[in-house]
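K.L.:
Below is one structure. I have some questions about it.
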Amino acid sequence: MKRLYACIGLSLLVAFTIVFYFGIFGSVFLLVTAIGLVFSGLFVKKYTDNRPEIIAVAVVLVFGCVYSNLYTQLYFNPQSEKYNEKAVSITAELVNPCYHSYNSYCYDLSTSKVDDKKENIKLLLRVSNELDIDCNDIIKCNVVLKKCDNDYYKSKGYLYTAKSENYYLDYKVIKAESKGFSYYVNEVKNSLLHCVSTIIPGDEGQLCRTVALGGKYTLSSDLHSSFSKSGLSYLIVVSGLHMSIVAGAVLMLLKKVPKTRVCNAIRSVILIAVIFSFMVIAGFYPSVVRSGIMIIITFVGSLLRRKSDSFNSLGVAAFVLTVFNPYSVGDVGMLFSFASVVGIIAIYPRIMSYIDVRLNKYPVYNVFGRYFIDISVLSFSCVLCVTPISLMRFGTCNPLVIILSVFVTALISVLLICTLLCAILGLVPIFQGFAYLFGFVAYFVGKAVIFIVDTGSKIPFAKVTADPNFVRPFLLVLLLFIGFAMLFKDRYKLLKYITVISLIVAFSGWGYVKITNYDKLIMSIYSTGNGSTVVLRDRGICAVLSCGGDAEFTTDAIDRLNYSDDKIALLVVPSAKNYDSRYSSEILTEFDVREVLLYYKYTTNEKTYGLAKDCEQFDTFTGYDRININLLGGVKDRLICDGNRSWQYIYNDKISVLLAPKDGDVGHLPKKYRCADVLVTSGELKNYNLLCCGNVVWTSEKEVPKYYVNAVSTKDSTFDINFK
């Protein structure tokens, strides 16, 4: 059977991805597709030669669908519901170094006991204070566990996220008597990162550390945002591109080694050792493992004097990374990595051979043009496969990424090699002069990369945005049409027509949605756990009236604001509590906010206060202030303070919405504001019987109280209110 490993591994990856992102509809789609494949393989004569591959793909799709659903129903859901929303005492080992993300210190823990019962659970601990703990140390503490709902954390095998019952975590640490492999790897990595930080300063140093050593959380939010907006995020994730650059550099150094059997074996062993070392230092992220497995398989085949197949190697990597955890596809970086390699293997050679046949006769092409065209086609092939995933996950893409990546890809290659040499040589005192030389080159290359990326991210109208909830069904239908086209003899001709028609439909639909929604005045209430995030939108401008929720929803909340592409005219931070203000500093960091109205008292986050002061207009309120705000499209907001919290009565001549603080006392609210068409709250209110509200929007993950009649929960989706 041709490419058996590719058929199994890639089909399994596709099946897990469709079930993970499309749910029950994806499962039905996979089963229908499998039936169609079996029918084609058994009864269509022209597929007789490919019958084994077709049947194998159909079987794997069904297996992936069933396995993923069983994993959810029989393992993940029962395990993650067991301690959900419960305060427990845990005894756990720190398995990875601490990192800082969105104002929290994050610790990867593996428990040995939960409430004095033996439980082996992987969880992510988020706390406000940095803990005095190293890898392999044991920590004992009391925390509140919450079922993990974040796609990325699910992909890493987390069942829960944990947080302290109080603002600061009270804990006890038992130092490990002996350290494990991960501890020493982390020590080496920290030494390399320290060398780069010492020699290469500023944003350039951050970029170098991220690209060369996988220092994911060392990149500043501004720089990360620029890469995201320009569509070049895949270039800073250690993946096949980086592995190929490292492998190419090693092969270049060993170029003059005699090509005997023994020398070829030594060359392969050296390269495998270098690639494995790079995997260890960069961290065993899925993108790193995938590319590392492919290169190692290639050179193991060379050792055994057998030629490896790229698609088979990719299939093996896909199988290894997904079979033990179907949720691993929740890591969009891994999907980007696989998609870009598919583009390089399947699309890039075809386009280059087509161009070579027509331009090889021109000397200028062979001397100067081929290098630039080669990079352009390589970038185009990667972007073509990555774009659907970007739209599916984030609802964004940047058509200019093809042009930008031509320059950035070449510069990233130089930056990667120079940074690695700088880090390694910096550890050896007698070679530190050379380390500074390579660091000097890396600094200016990094500066050039940042300039190009920053410029590209600021080009007007370069970013295409769409709601993923609309994009995903479209992509599923497109995939169905592509599969249908493959059943015909003129499949490539049909694929061209399908691609053109799909692009026309996609851009027409996108334009129609933009035009029809342009004049709508919509209030969106997001699902962000236990808290309220409320956004009012009108004609490309939005006002964020509350920015609360749980820490694990931070990325999702920022993504929703990001793909809407609206300018934030106003940010209201109605209290210092997390259920009202959890995402305030992230919003101020990620977006250019014109005006901020901030509740300011002793418990206010000082980072938020510092960022807010830099905005065009900044005001604070506290105590028993009463503030009138003119929002968008004639909507007004009456902000009423009640001690250390505040109510918001948002209204126009059509509708009124009361945005209530958690555990607020209705008795402290003036009577004229107690009647509203819609009540938005994340908790039970004191003296609720004094309210007269027609509908309730419940923004907590807890069960809706029975006395909240006509209540709608935002637990699973966004709730929209049309003010017109």
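K.L.:
Which residues, taken from region 1-32, are more than 22 Å from V471 (Cβ to Cβ), surrounded by fewer than 19 Cβ atoms within 10 Å (Cβ to Cβ) and at pLDDT 85 or above?
P.N.:
Once the filter is applied, which keeps residues that are more than 22 Å from V471 (Cβ to Cβ), surrounded by fewer than 19 Cβ atoms within 10 Å (Cβ to Cβ) and at pLDDT 85 or above, region 1-32 yields only L31.
K.L.:
Still on this structure, please answer the following. Tell me which residues, restricted to region 150-178, are of a type in the set (D, E, K, R) and open to solvent by 50 Å² or more (accessible area, probe 1.4 Å).
P.N.:
Going through region 150-178, the residues of a type in the set (D, E, K, R) turn out to be 151, 154, 156, 163, 165, 170, 172, 175, 177.
If the condition is that a residue be of a type in the set (D, E, K, R) and open to solvent by 50 Å² or more (accessible area, probe 1.4 Å), then K163, E165, D170, K172, K175, E177 are the ones that fit.
K.L.:
Can you find a residue in region 591-605 that is open to solvent by 50 Å² or more (accessible area, probe 1.4 Å), farther than 28 Å from C397 by Cβ and either in a strand (DSSP E or B) or at pLDDT 80 or above (or both)?
P.N.:
Looking for residues that are open to solvent by 50 Å² or more (accessible area, probe 1.4 Å), farther than 28 Å from C397 by Cβ and either in a strand (DSSP E or B) or at pLDDT 80 or above (or both), one finds at least one in region 591-605, hence yes.
K.L.:
Continuing with this model, one more query. Within the set of pairs 6+ apart or on separate chains, which have a first residue in region 12-34 that is free of Cβ contacts under 8 Å to residues at least 12 places away in the same chain, a second that is surrounded by 18 or more Cβ atoms within 10 Å (Cβ to Cβ) and part of a helix (DSSP H, G or I), and C-beta atoms under 8 Å apart?
P.N.:
Listed by first residue and then by second, the contacts come to nothing, as the list is empty.
K.L.:
Now, a different point. Which of (1) in contact (Cβ under 8 Å) with a residue 60 or more places away in the chain; (2) in contact with a Lys or Arg (Cβ under 7 Å, 6 or more places away or on another chain); (3) over 22 Å from N578 (Cβ atoms) is the odd one out, the single condition S682 does not satisfy?
P.N.:
(3) is the only condition that S682 fails.
So that you can scan it fast, the table gives a plain yes or no per residue for (1) modelled with pLDDT of 85 or more; (2) surrounded by fewer than 21 Cβ atoms within 10 Å (Cβ to Cβ):
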| site | (1), (2) |
| --- | --- |
| V535 | yes, no |
| D550 | no, no |
| F553 | no, no |
| D559 | no, yes |
| A569 | yes, yes |
| S575 | no, no |
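K.L.:
Follow-up. Looking at region 651-682, which of its residues are under 15 Å from N695 (Cβ atoms) and of a type in the set (V, I, T)?
P.N.:
Listed by number, the residues that qualify are I655, V657, V678, V680, T681.
K.L.:
Follow-up. Among the residues that make up region 390-400, is at least one of them modelled with pLDDT of 80 or more, open to solvent by less than 50 Å² (accessible area, probe 1.4 Å) and touching a helix residue (DSSP H, G or I) at 6+ places or on another chain (Cβ under 7 Å)?
P.N.:
Going through region 390-400, the residues modelled with pLDDT of 80 or more turn out to be none.
Within region 390-400 (the criterion being modelled with pLDDT of 80 or more, open to solvent by less than 50 Å² (accessible area, probe 1.4 Å) and touching a helix residue (DSSP H, G or I) at 6+ places or on another chain (Cβ under 7 Å)), the answer is no, since none of the residues qualifies.
K.L.:
Looking only at region 56-96, count how many residues are open to solvent by less than 50 Å² (accessible area, probe 1.4 Å) and in contact with a helix residue (DSSP H, G or I) (Cβ under 9 Å, 6 or more places away or on another chain).
P.N.:
Narrowing region 56-96 to residues open to solvent by less than 50 Å² (accessible area, probe 1.4 Å): 56-58, 60-61, 64-65, 68, 71-72, 76-77, 80, 83-84, 88-92, 94-95.
Narrowing further to those that are in contact with a helix residue (DSSP H, G or I) (Cβ under 9 Å, 6 or more places away or on another chain): 56-58, 60-61, 64-65, 68, 71-72, 76, 95.
Count: 12.
K.L.:
For region 511-533, enumerate the residues that are assigned to a loop (DSSP other than H, G, I, E, B), under 25 Å from A162 (Cα atoms) and either open to solvent by less than 20 Å² (accessible area, probe 1.4 Å) or modelled with pLDDT under 80 (or both).
P.N.:
Within region 511-533, Y526, S527, T528, G529, G531, S532 meet the criteria.
K.L.:
Could you please tell me which pairs satisfy a Cβ distance under 7 Å, a separation of 6+ or placement on different chains, a first residue in region 445-457 that is modelled with pLDDT under 90, and a second residue that is open to solvent by 20 Å² or more (accessible area, probe 1.4 Å) and outside any helix (DSSP H, G or I)?
P.N.:
Once the first residue is modelled with pLDDT under 90 and sits in region 445-457, its partners that are open to solvent by 20 Å² or more (accessible area, probe 1.4 Å) and outside any helix (DSSP H, G or I) give G456/L400.
K.L.:
Here is a follow-up. Of everything in region 102-117 that's more than 15 Å from C141 (Cβ to Cβ) and outside any strand (DSSP E or B), which residue is nearest to the chain's Cα centre (by Cα)?
P.N.:
So the residue we want is Y102.
K.L.:
Report yes if some residue within region 127-134 is surrounded by 20 or more Cβ atoms within 10 Å (Cβ to Cβ), under 22 Å from E586 (Cα atoms) and within 22 Å of the chain's Cα centre (by Cα); otherwise report no.
P.N.:
Checked region 127-134: at least one residue is surrounded by 20 or more Cβ atoms within 10 Å (Cβ to Cβ), under 22 Å from E586 (Cα atoms) and within 22 Å of the chain's Cα centre (by Cα).
K.L.:
Working only within region 33-50, note down all residues that are over 20 Å from M392 (Cβ atoms) and either part of a loop (DSSP other than H, G, I, E, B) or open to solvent by less than 80 Å² (accessible area, probe 1.4 Å) (or both). It would help to see each step written out before you state the result.
P.N.:
Step one: of region 33-50, the residues over 20 Å from M392 (Cβ atoms) are 34-50.
Hits for region 33-50 are A34, G36, L37, V38, S40, G41, V44, Y47, T48, D49, N50.
K.L.:
In addition: If you go through region 647-655 one residue at a time, do you hit one that is over 25 Å from L570 (Cβ atoms) and hydroxyl-bearing (S, T, Y)?
P.N.:
So far as region 647-655 goes, no, none of its residues is over 25 Å from L570 (Cβ atoms) and hydroxyl-bearing (S, T, Y).
K.L.:
Just the residues that are part of a loop (DSSP other than H, G, I, E, B) and either touching a Lys or Arg at 6+ places or on another chain (Cβ under 9 Å) or among the polar types (S, T, N, Q) (or both), please, taken from region 62-101.
P.N.:
Y83, N84, E85, V95, N96, P97
K.L.:
Among the residues of region 433-459, what is the count of those that are part of a helix (DSSP H, G or I) and either of a type in the set (S, T, N, Q) or under 23 Å from the mean Cα position of the chain (by Cα) (or both)?
P.N.:
The qualifying residues number 8.
Residue by residue, here is whether (1) modelled with pLDDT of 75 or more; (2) more than 16 Å from the chain's Cα centre (by Cα); (3) outside any helix (DSSP H, G or I) holds:
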{"residue": "F284", "(1), (2), (3)": "no, yes, yes"}
{"residue": "M294", "(1), (2), (3)": "no, yes, no"}
{"residue": "V320", "(1), (2), (3)": "yes, yes, no"}
{"residue": "M334", "(1), (2), (3)": "yes, no, no"}
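The values are calculated or read from the model by the stated rules, or taken from the named source; none is laboratory data. What you see is a predicted model, and the numbers here were worked out from it, not measured in a lab. Note that each Cβ is placed from the backbone with ideal geometry, even for glycine, and that neighbours are counted across all protein chains shown. Ligands, DNA and RNA are stripped out before the accessible areas are found, and what is left, the full protein with its side chains, is counted by its heavy atoms. Shrake-Rupley method; radii C 1.70, N 1.55, O 1.52, S 1.80 Å.
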